[in-house]
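Below you'll find the structure, written out as structure tokens, and then a few comments.
The values are calculated or read from the model by the stated rules, or taken from the named source; none is laboratory data. Just so it is clear, the structure is predicted and the values come from calculations on it, not from any experiment. We place every Cβ from the backbone using ideal geometry, glycine too, and count neighbours over all the protein chains shown. What goes into the accessible areas is simple: the full protein's heavy atoms, side chains included, and nothing from ligands, DNA or RNA. Shrake-Rupley method; radii C 1.70, N 1.55, O 1.52, S 1.80 Å.
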Amino acid sequence: MTMSMKDEILKRILAANGEAVSGQELANSLGVSRTAVWKHMQTLQEEGYTFETIKKKGYVLTGVPNSLSPTQIELFLKTEHFGRVIHYFDVVDSTQTIAHKLAQEGAPHGTVIIGEEQTAGRGRMARPWESVHGSGIWMTVIVRPDVTPQQASSFTLVVAVAVTMAIKTLYQDIEPAIKWPNDLLINGKKCTGILTEMQAEADLVQALLVGIGINANQEAADFSPDIADIATSLRLEAGEEINRAALVALILQYLEQFTELYIEEGFASIKTLWEQLSCTIGQRIEVTTIRERFEGIASGITDDGVLQLTQDDGLVRTIYAGDIKIL
């Protein structure tokens, strides 16, 4: 990714691992004035980084904000494509909206749009999504798989597996479970929503826009009264502050890995893992579609990610889209 001078300075200070970094040496190596370095250091302090200045030695990093800046994410990133281009915003209307525009302009596979706050965040069916500043992970990843629009219908399930695996890897005391098709629950409460939108021609996917919203560091008081009983955050469940940049980097790593597998072998190769991580299969559920409402046992999913429901009369129905409630 292309770094600003400020981010390049920050990268070198972070790489020093607590050792002093000379301001003059930074200026010389970067080809800028000592005053320019000082101004960038002032900006970093305004962003929440803290430094101790040691005479004749330089700057020592003493505190790092819990930020989603590209520099912070890059510290943990181990991918080839995903997250190598990041568009970062302090406040944005919707990362999904920006992703649509960037995808149409040719943004590369794995491009990430991420914001500290969304003023018009949305989920499925244009439902609003609360995106409190600095507390969650609000991002969209542009994915360009060589698949047909029909094959792409199951990609949301692939994303759910990637996010679940990342959370479980970093926070082993948390047990997130996938609720078909696009939610992650912890102890029955929602912590993550996934929204996948498509730019496509008749037989070719141009881009999949994968929106991921994660309640990371919210406290209970941060949730509005209408969702307080059904929402949770990783911090509430883990009992500790979540390093959002580390989690984003690991999500991108798993997402890149599972996307490659999905392109090569289809969703069938990931299906068993999805079923193991799901809280839907085997449960009695109520399904609401545009036309009707019915219930039964969620008996499985197909190799295309379509939910199968067995009614009390033994009839098996396939659910391509709809809202489900676990009874």
- [ ] Enumerate the pairs (first residue in the stretch 192-218 and in contact (Cβ under 8 Å) with a residue 24 or more places away in the chain and of a type in the set (D, E, K, R); second residue anywhere and surrounded by 19 or more Cβ atoms within 10 Å (Cβ to Cβ) and part of a strand (DSSP E or B)) with beta-carbon separation below 6 Å, excluding pairs fewer than 6 apart on the same chain, so at least 6 apart or on different chains.
- [x] GLU197/LEU209
Open item on the list: Please pick out the residue among GLU260, GLU292, GLU265 that is charged (D, E, K, R), on the phi < 0 side of the Ramachandran plot and modelled with pLDDT of 95 or more.
Closed with: GLU260
Open item on the list: Out of the residues in the stretch 119-136 meeting the condition of being more than 17 Å from THR232 (Cα to Cα) and at pLDDT 65 or above, tell me which one is least open to solvent (accessible area, probe 1.4 Å).
Closed with: GLY121
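Sort out which residues of the stretch 30-50 are in contact (Cβ under 8 Å) with a residue 12 or more places away in the chain, out of contact with any His (no Cβ under 9 Å at 6 or more places or on another chain) and over 30 Å from LEU255 (Cα atoms), and write them in order of number.
LEU30, ALA36, VAL37, TRP38, HIS40, MET41, THR43, LEU44, THR50, listed by residue number.
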- [ ] Name the residue, out of ASP173, ASP183, ASP222, ASP229, that is open to solvent by 10 Å² or more (accessible area, probe 1.4 Å) and either in contact with a Cys (Cβ under 7 Å, 6 or more places away or on another chain) or within 25 Å of SER69 (Cβ to Cβ) (or both).
- [x] ASP222
Task: Residue ID - nearest to PHE155 (Cα to Cα), chosen from residues in the stretch 257-312 that are among the β-branched types (Val, Ile, Thr) and assigned to a strand (DSSP E or B) - done: ILE301
Open item on the list: Let me confirm something: among LEU75, LEU61, which residue is touching a Gly at 6+ places or on another chain (Cβ under 7 Å), open to solvent by 20 Å² or more (accessible area, probe 1.4 Å) and within 25 Å of GLY134 (Cβ to Cβ)?
Closed with: LEU61
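Let's see how each residue does on (1) surrounded by 13 or more Cβ atoms within 10 Å (Cβ to Cβ); (2) within 28 Å of GLY121 (Cα to Cα); (3) modelled with pLDDT of 95 or more; (4) not charged (D, E, K, R):
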{"residue": "GLU46", "(1), (2), (3), (4)": "no, yes, no, no"}
{"residue": "PHE51", "(1), (2), (3), (4)": "yes, no, no, yes"}
{"residue": "ILE54", "(1), (2), (3), (4)": "no, no, no, yes"}
{"residue": "THR71", "(1), (2), (3), (4)": "yes, yes, no, yes"}
{"residue": "ARG84", "(1), (2), (3), (4)": "yes, yes, yes, no"}
{"residue": "ASP90", "(1), (2), (3), (4)": "yes, yes, no, no"}
{"residue": "THR95", "(1), (2), (3), (4)": "yes, yes, yes, yes"}
{"residue": "ALA99", "(1), (2), (3), (4)": "yes, yes, yes, yes"}
Open item on the list: Quick check on TYR320: is it hydroxyl-bearing (Ser, Thr, Tyr), closer than 19 Å to ALA160 by Cα and open to solvent by less than 60 Å² (accessible area, probe 1.4 Å)?
Closed with: no
